[in-house]
1. Hey, does region 84-98 have a residue that's at positive phi and surrounded by fewer than 16 Cβ atoms within 10 Å (Cβ to Cβ)?
2. Consider only pairs whose beta carbons are under 7 Å apart and that are at least six residues apart or on different chains; among these, list those whose first residue lies in region 36-64 and is part of a loop (DSSP other than H, G, I, E, B) and whose second residue is open to solvent by less than 60 Å² (accessible area, probe 1.4 Å) and not charged (D, E, K, R).
3. Checking K57 against (1) open to solvent by 40 Å² or more (accessible area, probe 1.4 Å); (2) at pLDDT 95 or above; (3) touching a Gly at 6+ places or on another chain (Cβ under 9 Å); (4) under 28 Å from R124 (Cα atoms), only one condition comes out false. Which one?
4. Would you mind finding the one in A81, A76 that is open to solvent by 30 Å² or more (accessible area, probe 1.4 Å) and either closer than 26 Å to L50 by Cβ or at pLDDT below 95 (or both)?
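The values are calculated or read from the model by the stated rules, or taken from the named source; none is laboratory data. This is a predicted model, so every value here is computed, not measured. Cβ coordinates were reconstructed from backbone atoms using ideal geometry, including for glycine residues, and neighbour counts include every protein chain displayed. The area values use the complete protein model at the heavy-atom level, side chains included, leaving out ligands, DNA and RNA. Shrake-Rupley method; radii C 1.70, N 1.55, O 1.52, S 1.80 Å.
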Amino acid sequence: ELKDIISKRMKITEEYYANYLDKLKTKDYRKASELLWGIINNLFSIIKILYVGEPVKKHSEIREIANTLFKKEEIAELVIACERLHSNFFHGFMDEEEFERERIKAEKLIKILEKFIIEEMIKRKLI
């Protein structure tokens, strides 16, 4: 059932967020970057599941969803920040200051996406 699928993904997102906070405390910015990307990817997957019944399969779909549903320049900037964090996991190029700037943008996007998901679930009488 749709509600169960979304519930499982939200639980995973919460686990990723708790792990992200742990990595933040230990200043493991590469791993924290990966976890932030995982949260963002999962939230966009929930949105895609709500609309078409399947999760995100490619990075480009995240941009497509963001551009289609939000149509705000700020959202595009926040998505780019998250893509940079994802890249940082693989390449470790961010210093603490740069990571902090992008992390704040990622957290802002997380809040926007979570609010959107809750509103959509209410509209669809899933909660």
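1. Here is the first cut: in region 84-98, the residues at positive phi are 92.
Remaining after also requiring surrounded by fewer than 16 Cβ atoms within 10 Å (Cβ to Cβ): 92.
Among the residues of region 84-98, at least one is at positive phi and surrounded by fewer than 16 Cβ atoms within 10 Å (Cβ to Cβ), which makes the answer yes.
2. Within 7 Å, the pairs are P55/S45; P55/I49; V56/N41; V56/F44; V56/S45; V56/I62.
3. Going through (1) open to solvent by 40 Å² or more (accessible area, probe 1.4 Å); (2) at pLDDT 95 or above; (3) touching a Gly at 6+ places or on another chain (Cβ under 9 Å); (4) under 28 Å from R124 (Cα atoms) one by one, K57 breaks only (3).
4. Numbers: A81 fails: open to solvent by 30 Å² or more (accessible area, probe 1.4 Å).
So the residue among A81, A76 that is open to solvent by 30 Å² or more (accessible area, probe 1.4 Å) and either closer than 26 Å to L50 by Cβ or at pLDDT below 95 (or both) is A76.
Per-residue answers, yes or no, for (1) more than 14 Å from the chain's Cα centre (by Cα); (2) open to solvent by 50 Å² or more (accessible area, probe 1.4 Å); (3) within 18 Å of K108 (Cβ to Cβ); (4) of a type in the set (A, V, I, L, M):
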{"position": "L2", "(1), (2), (3), (4)": "yes, yes, no, yes"}
{"position": "S7", "(1), (2), (3), (4)": "yes, yes, no, no"}
{"position": "L21", "(1), (2), (3), (4)": "yes, yes, yes, yes"}
{"position": "R30", "(1), (2), (3), (4)": "yes, yes, no, no"}
{"position": "E34", "(1), (2), (3), (4)": "no, yes, no, no"}
{"position": "I46", "(1), (2), (3), (4)": "no, no, yes, yes"}
{"position": "I49", "(1), (2), (3), (4)": "yes, no, no, yes"}
